[in-house]
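For reference, the structure I am asking about is given below.
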Amino acid sequence: MPTIYDPNSLPVDDNINHYAFSIDLNGEWFTSKGAMIAYYGNIDFSGVAAFASRAAWVAARFSSPLYTQDWVVAAGQGKLVIGDRGNDINSYDLEDGNLTIKAVNLLAFQPSLELKQSIVPGFVTLIGTGKFLASSNGPVIFVEPPFRADPDALLGWADCPSPSQHYDYNWMAQSFMAGIQGMFGRESGEERQYDFTGAGTILMQSSEMLRVDSALMRIVESQTNLLDANSAGALGHKLIARAQQSNM
Amino acid sequence: MARLTAEKKVLHADLEGDSVKAAAGSMVAYQGNVEFKNAGMGGGGGLRAAVRQRVAGEAVNLMECTGHGRVYLAQDAFDVTVVDLQQDTLTVESEHILAFTKGIQHDVQFAGLRGMTSGQGLATTKLSGTGQAAIISDGPMIALAVAPGMPLVVDPDAYVAGTGQTQMSLVSGVSWRSLVGEGGGEPFSLRFEGQGTVYIQPAER
């Protein structure tokens with residue numbers, strides 16, 4: 001028989017097991033939509049936009065308009081159990097620091113932290129002091145720069161400047177044709193990596209299931225504003241061709 | 001008496017000349033002298049149970065394991081939890097049943113709206129009596145107590161099973177509706193009141 005928890009015996013801001021976390025809520029937390037799997041007590045969940053209309057501080061803390069649809073504010077008193085599709089869940093404490101993390105892996109954070117969109121698409125940055133929860137596919141591995149990461153396994157990074165993209169030298173030199181293909185978006189292997197330099201910590205997960213980040217499409221779409229009309233049209237044709245190819 | 005023991009993702013069923021019912025095809029190995037036979041479409045619950053299960057879409061294909069020895073049961077690398085029942089009822093979706101001992105009856109209960117929200121059909125399976133039941137979950141099961149004055153709210157997609165005398169209702173408060181307005185999200189959650197235990201899994205279906 002498993003341990004039977006009640007509101008008093010549930011852990012206080014700690015993991016119940018590798019895959020579930022119990023928040024001792026007394027006030028507010030930002031949580032990603034759908035992260036709640038159970039709760040005791042009086043807890044209200046409101047959309048970020050709806051909550052912001054009552055509490056002006058929300059807008060200052062949650063400065064990521066593309067993600068407001070995916071987040072809610074949990075407010076009240078009680079024990080809130082967080083889970084994410086059976087992925088490992090870890091809590092992290094930031095002390096006057098900054099940490100950038102893959103947006104789909106961020107599950108919850110205290111409002112003492114400030115959320116911003118990272119320049120790297122699909123990542124968000126947390127700044128300030130407080131606790132946040134993030135999921136990972138398998139245990140998290142911490143690495144120090146200089147380090148090159150496979151973008152698929154990259155979970156996030158703390159304190160480092162933003163990563164640059166690194167293309168494998170042999171891959172570039174071996175075949176100029178391959179270089180051209182890369183420009184056409186036909187790269188498929190490990191030739192592209194994220195290069196980290198400077199001081200900080202890099203977070204890796206041991207495997208990666210492809211997760212849909214609805215905001216990522218909106219980010220990339222907004223970046224197409226950089227293109228002129230002709231290039232945008234050409235890009236559109238390529239994307240249609242790719243969609244048709246993957247449907248076959 | 002047959003004894004069920006959970007060993008992480010494998011269930012040990014120790015038989016002493018008696019039998020347990022298990023999900024068909026869940027046997028991975030056995031020691032000793034054990035016979036396996038299909039318990040029929042009613043899961044051994046008779047024709048009325050069979051008809052109810054068909055109507056409710058809660059059909060479960062069970063086999064009866066009889067003999068002396070140890071049977072190893074597992075399914076889809078899901079975690080196994082053994083629940084001891086003393087004149088109690090375990091309400092569970094049929095797909096989460098791995099095995100149960102003699103002395104436990106297996107029947108279908110119409111669950112009403114809850115089944116609709118989780119897309120599991122309008123009924124759930126009831127295991128009642130005295131004995132042991134083994135249920136499976138995606139990730140280790142978390143047991144949460146429900147007591148008077150201590151209601152519990154769970155995500156319908158994380159809910160697996162429950163025991164005791166609990167009343168279930170749907171929560172779709174104003175705050176929940178405002179979530180829907182912002183696209184996606186979970187429009188309903190389940191609120192449990194009364195006295196009992198609710199089992200949830202960390203992975204939403």
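The values are calculated or read from the model by the stated rules, or taken from the named source; none is laboratory data. Everything quoted here is computed from the prediction, not taken from an experiment. So basically every Cβ, Gly included, is an ideal-geometry build from the backbone, and we count neighbours across all protein chains shown. Side chains included, ligands, DNA and RNA excluded: accessible areas come from the protein's heavy atoms. Shrake-Rupley method; radii C 1.70, N 1.55, O 1.52, S 1.80 Å.
Once you've got the Cα coordinates, tell me which of A:Lys102/A:Lys131; B:Lys21/B:Lys126; A:Lys102/B:Lys8; A:Lys33/B:Lys8 are over 26 Å apart.
A:Lys102/B:Lys8; A:Lys33/B:Lys8
Moving to a separate point now. Once you charge only the Cβ atoms, +1 for Lys and Arg and -1 for Asp and Glu, what is the size of the charge dipole of chain A about its Cα centre, to the nearest 20 debye?
740
Keeping all protein chains in place and using 1.4 angstrom, which order do A:Asp96, A:Asp213, A:Asp14 fall into by accessible surface area, from largest down?
Highest to lowest solvent-accessible surface, that is A:Asp96, A:Asp14, A:Asp213.
Let me ask something else. Looking only at A:Asn26, A:Asn225, A:Asn137, which one moves most when chain A is put into a Gaussian network model with springs between Cα atoms under 10 Å?
Comparing A:Asn26, A:Asn225, A:Asn137 in the GNM, the peak value goes to A:Asn225.
Additional query: Rounded to the nearest 10 Å², what accessible area does B:Ile104 have for a 1.4 Å probe in the complete protein model?
My reading of the accessible area for B:Ile104 is about 10 Å².
Using a 1.4 Å probe and ignoring any ligands, DNA or RNA, find the accessible area of B:Arg70 and quote it in Å² to the nearest 10.
Accessible area, nearest 10 Å²: 70 Å².
Distance between the C-alpha centers of the stretch A:19-76 and the stretch A:94-142? Whole Å please.
15
Given a 10 angstrom Cα cut-off, can you work out which residue in A:Ala229, A:Ala153, A:Ala20 is the most mobile in a GNM of chain A?
The residue that fluctuates most here is A:Ala229.
Viscosity 1.567 mPa s, temperature 4 °C: what is the translational diffusion coefficient of the stretch A:36-171 from Stokes-Einstein with a Kirkwood Rh over Cα pairs, rounded to a whole number of µm²/s? Before the final figure, lay out the partial values.
Working: Rh = 16.3 Å.
Translational D for this selection: 79 µm²/s.
If packing is taken as the mean number of other Cβ atoms within 10 Å per residue, what is the order of B:158-168, B:143-153, highest first? Walk me through the numbers before you get to the answer.
Working: B:158-168: 20.9, B:143-153: 18.4.
Listed from highest to lowest mean packing, they are B:158-168, B:143-153.
Still on this structure, please answer the following. What is the ratio of the Cα radius of gyration of the stretch A:34-90 to 2.2 N^0.38 Å, with N the residue count, to two decimals?
Here the Cα radius of gyration is 1.23 times the empirical estimate.
I've got another one for you. Provide the solvent-accessible area of B:Glu193, counting protein heavy atoms only and rolling a 1.4 Å probe, rounded to the nearest 10 Å².
80
OK, next. Under 10 Å, Cα contacts only: if you run a Gaussian network model on chain A, which one of A:Ala108, A:Ala232, A:Ala35 comes out with the highest mean-square fluctuation?
Greatest mean-square fluctuation among the candidates belongs to A:Ala232.
Can you tell me the relative contact order of chain A? Whole percent, Cα pairs under 8 Å, sequence separation 6 or more.
It comes to 17 percent, rounded to a whole number.
Now a separate question. Using alpha carbons only, how many angstrom separate the centre of the stretch A:195-243 from the centre of the stretch B:1-41?
Going from one Cα centre to the other spans 50 Å.
Averaged over all directions, how much area does the convex hull of the C-alpha atoms of chain A cover when projected, in nm²?
That works out to 17.1 nm², a quarter of the Cα hull's surface.
Gain in length, A:Arg242 to A:Asp93, computed as 0.36 nm per residue apart minus the alpha-carbon separation, to one decimal in nm?
49.5 nm
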